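The values are calculated or read from the model by the stated rules, or taken from the named source; none is laboratory data. It should be emphasised that the depicted structure is a prediction, and the values quoted were computed from it without experimental measurement. Cβ sites come from the backbone with ideal geometry, for glycine too, and all protein chains shown count toward neighbours. Ligands, DNA and RNA are excluded from the accessible area calculation, which covers all protein heavy atoms including side chains. Shrake-Rupley method; radii C 1.70, N 1.55, O 1.52, S 1.80 Å.
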Amino acid sequence: MSPLVSLPPELLVQIFFFAIQPKTRHGYPEEWVQVVPLMCVCRYWREVACNASVLWCTLRIHVKTSSQLLRLHLDLSRNLPLDVYVRLETDSWDSAQVVDVDEMLSDLHRVQLLHIDVGSEPEGPRSIAIEHDMPNLQKLVLWSNYLTTPLLPSDQHHLPCLHTLEAETVKFSDLTPFLRPTITNLHIGGDSYDFPDLRPSLPELLLALSTMPLLERLVLNFTVCDLVDYNSADLPFVTLPRVRHLEIMDDCLPAGDLLEHLIVHPSSFLVGNRDSLGYHGAFPKEWLIRGYGHLFGFEKMLRVLSSKLLGHGILGPAPSPLLRDLTLAVWRDNYSESVVEAFHEDVGRQFLFSYRPDPGYNPSTHVDCVLRSLDGSILQLVTKLHVEVPEDVKSEEGDEHPFTVRLEDIAERLPNIEELRVSGKSTWDREFVRIHTSPQAIPFPRLQHMVLKKSTFRKASLSTPDYVEDPEDLIWTLLEMLKVRKAAGIPIQRLTIETSRRLLDSDEDALRPYVRRISFAYIASSDFRRGK
């Protein structure tokens, strides 16, 4: 007899339970495993499965779900709470394709989680008017690619247990009736290309948030309609004392105004390993605020963030003393033109802010904006500076990434930089070694590690028949820089050179006496990507 057949029922139920757990993508179960096939293995398995109510409490309903299967789940789950996933994804809808929920009307009072997903555009009506009382509903998730989504729970009932509401691309006016005072977890999302009439104005959003004083987790992605004018001075301040998890992604101007008018706990502004930062039990998160749009909006967003980090307009002490070892990164790619980020790297990348601007700005402009907008006490927490432009980015005609701010000023505002990573195409490698003119004026005195990525060490090819050494080549100015720093008693401890062109052995021998550790990574041009 097979050992699986003789397993105790309790252990077999646990195995079945893990076997039927669906694989998820973006929080939605995509690959489902039914319990029914397990019942067909043998009589013992069938008996165990039929007596285990916990195996039947999750219902997946779509247009092809049979009423017999639905009835089987409802009967065998007995009186346990239900998790119901409704997915509508068809090319055209008619009355015969609408999900039939008549079988479960008498069991709707057991539903604790309801997830409704509309995955494709209907040709018929864009909503299904099926509304019922669900007194035990705790979590409502509404996903729609097309304006609105069918609703099973009625907004005319109290829904006293509802604590989580998540909505993606759903018209805000359809959500408003479900914004109850009991909600502790609110996630509203859209995308940058959806219809503007889906979103509320900022005054409307703040008014809605003021009705949910128990909020602990607040995630707002492309939520505010930026076509509605408002006076920032007239916006109400909303106090949410229990919020410990805050994420905002939107155009910088409304994102900055929203952040300014939310009065929350200081832990909301911290990212990274929460236990090491002193706040236990908080929600883990990867970022605080992501902005898009014009540079003046980015400045507004940073000024508000800086003020909050210093303790203004929050419920508690300033969170900035708990921040440390920030990385400021500026990079460009072929899709978003530029990205500016500040993040921790204790567990992956934990972003304090991220910004994708409109096209037309160079890396120096972004760093200048950060230096002007953030308070000096926060800038002192930055220990790593990364400025990278991938090799395959096509520069505009005449675009040589000119400096709009002196590198000496950057070094003065960021005095605690320990790691500097620059790419050749950014031109920052040449600019950095240039400013080392004397031991009395050394920029970045705490610099320990320098990474040169895809730098051009010689302007002319060594294979050129009439090649002559040029003292202005990067290899020689780099050597002089290392000499100056060593003479000043603050040598570079580690130099990493990532290049597709091998240096001469004599070049390596010339550099080694002035740096404690030097390493080379010879990479192909196609391997030059962010993070490699």
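Accessible area per residue was computed with a 1.4 Å probe on protein heavy atoms; ILE490 scores about 40 Å². List the pairs from LYS425/LYS453; LYS139/LYS171; LYS384/LYS453; LYS64/LYS171 whose alpha-carbon separation is above 20 Å, in the order I gave them. Where the Cα-Cα span goes over 20 Å, the pairs concerned are LYS64/LYS171.
For TYR230, TYR355, the ranking by accessible surface with the largest value first comes to TYR230, TYR355, using a 1.4 Å probe. Of the peptides 70-78, 234-242, the ranking by mean beta-carbon count within 10 Å, highest at the top, reads 70-78, 234-242.
For LYS486 and GLN34, the difference between the fully extended length at 0.36 nm per residue and the C-alpha to C-alpha distance is 155.9 nm.
Annotation: extensible slack from GLN14 through ARG242 equals 78.5 nm (criterion: 0.36 nm per residue apart, minus Cα-Cα distance). FRET efficiency for the VAL228 to HIS312 pair, using the beta carbon distance and R₀ = 25 Å, is estimated at 0.40.
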